[in-house]
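Peer 1: I'd like to ask you about the structure that follows.
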Amino acid sequence: MDLEEAARVFTDPSAYADEKWFHAATALLRRQSPVHRVETDDFVPFWAVTRYEDVMAISRDSELWHNASRTTVNQDPAGVTAPVRTLVQMDAPDHPIYRRISADWFKPSGVRRLSDRIAQLAKRYVDHMAELGGECDFFTDVASHYPLYVILSLLGLPEKDFPRMRKLTQELFGSYDVDMARNQSDTAATETLLDFFQYFQALTDDRRKNPTDDLASVIANATIEGAPIGTLEAVGYYVLIATAGHDTTSSAIAGGLHALLESPDQWQRLAGDPSLAPTAVDEMIRWVSPVKHFMRTATEDTVVHGVPVTAGESVLLSYPSANRDEDAFADPDIFDVGRTPNKHVGFGFGAHYCLGTHLARIEGRALYAELVPRLRSIELAGTPEYTHTLFVGGPKRLPIRYQMA
Ligand code: HEM
């Protein structure tokens, strides 16, 4: 594989579905061209940044590197404005103001309040596995429901709306995948966003009239410098939380199980010592890196790892590559449920560091704490398949066979 072929992994949605190809390609880039110019017919050119240290340095400097003009590879920096503006599209001074609205909700103390509800939901899905009688698709039957239901519960949505939200989020993030996409037209993602918009606009109106103690009420009734939050911004906030908290965690949980099944010694270790659940869940996030990238755009001319980058040019921060960087992790290609330290960048870093880290960790731990002790045996019952994506993904099929106590 030459460097040009290796760099295709960032613009070819099938690359993230082929882990061997992706990791071989990015290992080559880290060694030979860690800041690599990517030019293709279909995407505005960008620089792919694959080393851990460089990803961290760029994430840390949110004055030099902005989010607004281009947050993902699909976006054209020449001014396509996103239909809704969310935290990830904002920079200072707006970003810290909007982030503060929900930051308290996501602090460990805030999230711990939800532990019981999360444990209940974890139990519900493991019970569901038991009902399915020894064979299921762990992604479709368990991992794709549970994190969304956690998020929707904390937003305060009624349970009857959960299936609709699930479908919409999958369409939005899975739109490069034939199994997930609503249809193959260019407008598919826009239509999905419109559906979201209508739903959450109605929710905002309702929580303004009838505030409760849910997160939707916090957002709907937030004030920005004394004035009520704009409807577009409120809706953007819901869309971000409903989407950011769903496929990411589903992918980590399902990809984590796949990793455990491929390393039976690690399964045995976790089963024998449940106190490893916290390090195991972080290792799953490093291993799967469900968010494949975010982008930043240089606000002035600069240099990254010796390579000049001009003001206005964008860099793609490759989290899955950084998380396998041999200069940052001992034996990066070994899945180690006890890995310590594990300073992975799966949640990003800096001003935009994932707001949902505590929630995601609690969800992962709750599910594995329920699942592992109840299983007598577990094995793959077919070949797992991964989502075609350029942004967020993990397994979309994980057939398993098991015996439960
Ligand atoms: C394993 C699961 C998850 C992963 C891997 C993940 C990953 C990420 C990453 C990489 C970012 C961008 C960070 C950066 O630019 O430096 C991010 C941002 C964000 N995440 Fe997560 N996330 C996960 C779960 C969640 C959950 C459960 C929520 C809760 C609702 C959430 C809410 C957010 C929000 C609101 C942001 C935007 C923060 C900002 O721009 O200031 N995430 N996440």
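Peer 1: If you go through the stretch 159-169, how many residues are farther than 12 Å from Phe196 by Cβ and at pLDDT below 90?
Peer 2: 4
Peer 1: Please go through the stretch 116-140 and pick out each residue that is open to solvent by less than 40 Å² (accessible area, probe 1.4 Å) and at negative phi. Step through it out loud before you land on a result.
Peer 2: Keep residues of the stretch 116-140 that are open to solvent by less than 40 Å² (accessible area, probe 1.4 Å), which gives 118, 121-122, 125-126, 129, 134, 136-139.
Ile118, Leu121, Ala122, Tyr125, Val126, Met129, Cys136, Asp137, Phe138, Phe139 - these are the residues of the stretch 116-140 that are open to solvent by less than 40 Å² (accessible area, probe 1.4 Å) and at negative phi.
Peer 1: Considering only the stretch 203-219, state which residues are more than 19 Å from Met90 (Cα to Cα) and under 26 Å from the mean Cα position of the chain (by Cα).
Peer 2: Leu203, Thr204, Asp214, Leu215, Ala216, Ser217, Val218, listed by residue number.
Peer 1: While we're looking at this one, here's another question. I need the full set of residues from the stretch 323-364 which are assigned to a helix (DSSP H, G or I) and surrounded by fewer than 20 Cβ atoms within 10 Å (Cβ to Cβ), in order please. Let's see the steps before the verdict.
Peer 2: Going through the stretch 323-364, the residues assigned to a helix (DSSP H, G or I) turn out to be 350-352, 357-364.
The answer is Gly350, Ala351, Thr357, His358.
Peer 1: Name the helices (runs of 4 or more DSSP H) wholly within the stretch 107-163 that hold at least 1 residues that are more than 21 Å from the chain's Cα centre (by Cα) and within 29 Å of Val218 (Cα to Cα)?
Peer 2: Per the criteria, 108-112, 115-131.
The values are calculated or read from the model by the stated rules, or taken from the named source; none is laboratory data. These figures come from a predicted structure and were not determined experimentally. Here the Cβ is made from the backbone with ideal geometry for all residues, glycine too, and neighbour counts use every protein chain on show. The protein model used for the area step is the full one, side chains on, heavy atoms only, and it has no ligands, DNA or RNA in it. Shrake-Rupley method; radii C 1.70, N 1.55, O 1.52, S 1.80 Å.
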